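Notes follow the structure.
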Amino acid sequence: MSSRPLIALTLAAALALAGCGDDDPSGTSTTTSSTASTAADESTTTAAATPTVIDVVVVDGEPQGGERHVRLSVGELVSLRVEADVSDEVHVHGYDLSDDVAPGRPAELAFTADIPGQFEVELEGSGVVLVALTVT
Amino acid sequence: MIPVLAHGVGGRSDLPLPVWLFSYGAAFAVVIGFVALGMLWTRPRLAQAAAGRALPEAVDRAAGPAAMVLRVLGLLVFGVVLYAGLWGADERGANIAPYVIYVSFWVGMQIVAAVFGDLWRALNPFDTIALVVTRGRGAARSSRPDPGLWPAALMLLSFAWLELCYHEPAAPRSVGVWLLVYSAATLAGALWWGRGWLRDGEGFAALFGLLSTMSPFFRDAGSSRLRVRWPVTGLATVRTRPGLDVLIFVVLGSTTFDGVTRLDWWSRDVLGTSHGWERTAVQTVGLLLVVSLVAFVWLAATRVSARATDDDPFTVANAYVPSLIPIVLAYAIAHYFSLVFYESYNVVALASDPFGRGWDLFGTIDVAPDYRLLSTTLIAWVQAGAIVAGHLAGVLAAHDRSLERHPDSREASRSQRPLIAAMVVYTVAGLSLLLGA
């Protein structure tokens, strides 16, 4: 059949395409962090000394600098601090943690990012998203 | 109270697909496409396989009472959800309506239909109400001309609009009002086109009916007996009706657009800080553009295919569109699999307090999802696997249908090529949306 050389060519191209994917560093790091539990333990012991600090200042109901995108590793300690000029409740979805915030009374949440996935930190009342957390 | 996302139902989103998994998936999809052209069967087989085998008598006898149970269940859930939506607590996380509608119904029922068959036929509350009201008497169809699936496509578009464009989709009141309006429209449709329209003309009934053709279980149209067949073969039995392609474009386009809204580019550069109706307007334009784009790809491909075989483009577009049904399901699984798994825990919890009154009817109010139950690796594989599997099923269905329409295998090959290219485009696009960023 005349389509056989075409198939062979396509197979070769497809394998080459798949081969290119392996070179991407972000691709390999995603798999190693989700399969190696020892790596997570190591990152916990090293991170215990320095939690990742996320500072957000809310002005006029919106986060200064726009919605923050933060990447975390599973097991990392996080210290979230939100200052606002409005009274509301800061809620970390997925982890289901919340703390009230008011002018002069910042919200402070400290937790371990032990659930992988993408989560939003939002002001419950207004629905404004402050931080988008990616935990891998 | 149950935690919910700003844009909808759910406490967490999936991580982006690993790039290597995307690459292998895309490569595999391309290979499948071309293998289909060169190495598959040369005479149509699916229609014959779709006849299947009869199930034992005992199963058939049990189906009657089982259908009754499903009818009662469907009506009950509909009543609870409608009441909860309109008069239950208007707090996301305290009301069962958004969870049942977006999780159990929209995605859950799609999967149930594809795996277990057209259970919606019995669960359909509109059909049950119609049966009770008319006591099974009177004509199933009115004398008015069959509108095809155009009304169904529009009705599903209204749901997609609520879910993806409206700025408060997860608010119980939004769900309640939409359901009320939708039910009124369904009532109008039943009055205009007859009771039978509720089974294959109303939006969700039409969609679940199409998806159920992939299931091994089906009811033979002639003898009304329950039968079993190889999965996916039932696609050969899908009747082409006017508007079928539009319905597919709407459903595929809406899930695709859902993927687009999760891109950083969309939320940061396109939406920015817009809120309320301004946000709704932008999202609506986006949804319509994506649906149009999905339609464009298919119509362009079928036009090329029609030219190659001296056929009418619209006939070709409709004739082959059933092969997109597996891709519709695959997109739904890829985007919503983890959501259905995790948020079902919340449905169980809210069953104890559906209206947010502080009840605990079944003792399940404290049931909560453990977001660590599914590893992100597993989720990624399910996502990529579903999309590639959907692509494979679609390619097989298209191949078989081309053999039915063109007994000459060379002509069949010419007719398939652009369609398979379109499916590769959908598959690779579907995989790339999962990459996020």
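Could you give the longest part of chain B that holds none of the trypsin sites (Lys or Arg not before Pro) found in DSSP loops with at most 16 neighbouring Cβ atoms within 10 Å? For trypsin sites (Lys or Arg not before Pro) (loop position, at most 16 other Cβ atoms within 10 Å), the longest site-free span of chain B is B:1-134.
Taking the Cα centre of the stretch A:62-136 as origin and assigning +1 to Lys and Arg Cβ atoms and -1 to Asp and Glu Cβ atoms, the resulting dipole is close to 300 debye. Rounded to 0.05, the FRET efficiency of the B:ASP269 and B:VAL115 pair, given R0 = 35 Å and the Cβ-Cβ distance, is 0.35. Amide H contacts for B:GLY243 (H built 1.01 Å from N in the peptide plane; partners 5 or more residues away or on another chain; cut-off under 5 Å): B:LEU149.
Per-residue mean of other chain beta-carbon atoms within 10 angstrom of the beta-carbon, peptide A:61-69?
Values: counts 2, 2, 1, 0, 0, 3, 5, 0, 3.
The per-residue average across the peptide is 2.
Assuming R0 = 41 Å, can you tell me the calculated FRET efficiency for the pair B:ALA140 and A:ASP55, based on Cβ-Cβ distance, to the nearest 0.05? With R0 = 41 Å, the Cβ-Cβ based efficiency is 0.05.
With each label modelled as a point 7 angstrom along the Cα→C-beta vector, the B:ALA184-B:ARG61 pair spans 4.8 nm.
Here the stretch B:107-176 is treated with +1 on each Lys and Arg Cβ and -1 on each Asp and Glu Cβ, and its dipole about the Cα centre works out to around 380 debye.
Between the residues B:SER13, B:PHE249, B:SER305, the greatest Cα displacement towards the positive end of the dipole of the protein assembly as shown, with unit charges on the Cβ of Lys, Arg, Asp and Glu, is found for B:SER305. Express the relative contact order of chain B as a whole percentage, based on alpha carbon pairs under 8 Å and six or more residues apart in sequence. About 27 percent, as a whole number. Mind giving me the FRET efficiency for B:ALA221 and A:ARG68? R0 is 51 Å, r the Cβ-Cβ distance, nearest 0.05 is fine. Computed FRET efficiency for B:ALA221 and A:ARG68: 0.35.
Each label was represented as a point 7 Å from its Cα along the Cα-to-Cβ direction; for B:ARG303 and B:SER375 these points are 4.8 nm apart.
Decide, for chain B, between rounded, prolate and oblate: order the square roots of the alpha carbon gyration tensor eigenvalues as a ≥ b ≥ c, take rounded if a/c falls under 1.5, and otherwise choose prolate if a/b is larger than b/c, else oblate. Here chain B falls in the oblate category. Under a model in which nothing but the beta-carbon of Lys, Arg (+1) and Asp, Glu (-1) is charged, chain B shows a dipole of about 1180 debye around its Cα centre. Couplings 3J(HN,Hα) for the stretch B:91-99, derived from phi with the Karplus relation 6.51 cos²θ - 1.76 cosθ + 1.60 (θ = phi - 60°), are 10, 4, x, 10, 10, 6, 4, x, 5 Hz, where x marks Gly and Pro.
Which is the longest run of chain B containing none of the chymotrypsin sites (Phe, Trp or Tyr not before Pro) found in DSSP loop states (not H, G, I, E, B) with at most 16 other C-beta atoms within 10 Å? Present the calculation step by step, with values, prior to reporting the outcome.
Details: sites that count: B:TRP41, B:TRP359, B:PHE362.
Excluding the exposed sites themselves, the longest stretch runs over B:42-358.
Building the convex hull from the alpha-carbon atoms of the stretch B:373-437 and averaging its projection over directions returns 5.1 nm². Computed from the alpha carbon atoms alone, the convex hull of the stretch A:53-118 holds 79 Å³ per residue.
Using the empirical formula 2.2 N^0.38 Å as the baseline, the Cα radius of gyration of the stretch B:183-294 reaches a ratio of 1.41.
A dipole drawn for the protein assembly as shown from +1 and -1 charges on Cβ atoms has a positive end, and of A:GLY117, B:LEU289, B:ALA171 the residue lying farthest that way is B:LEU289. For the stretch B:368-437 versus the stretch B:199-251, the spacing of their alpha-carbon centroids is 19 Å.
For chain B, hydrophobic long helices are taken as DSSP H runs at least 18 Å long by C-alpha position along their axis with mean Kyte-Doolittle hydropathy of 1.6 or more; these are B:19-39. Potential lengthening of the chain between B:MET68 and B:TRP230 amounts to 55.6 nm, from the contour at 0.36 nm per residue minus the alpha-carbon distance.
Coordinate-derived values only; no laboratory data. Bear in mind that the values here come from a model prediction, so they are computed numbers and not experimental data. Please note: Cβ atoms are built from the backbone with ideal geometry, for glycine as well, and neighbour counts cover all protein chains shown.
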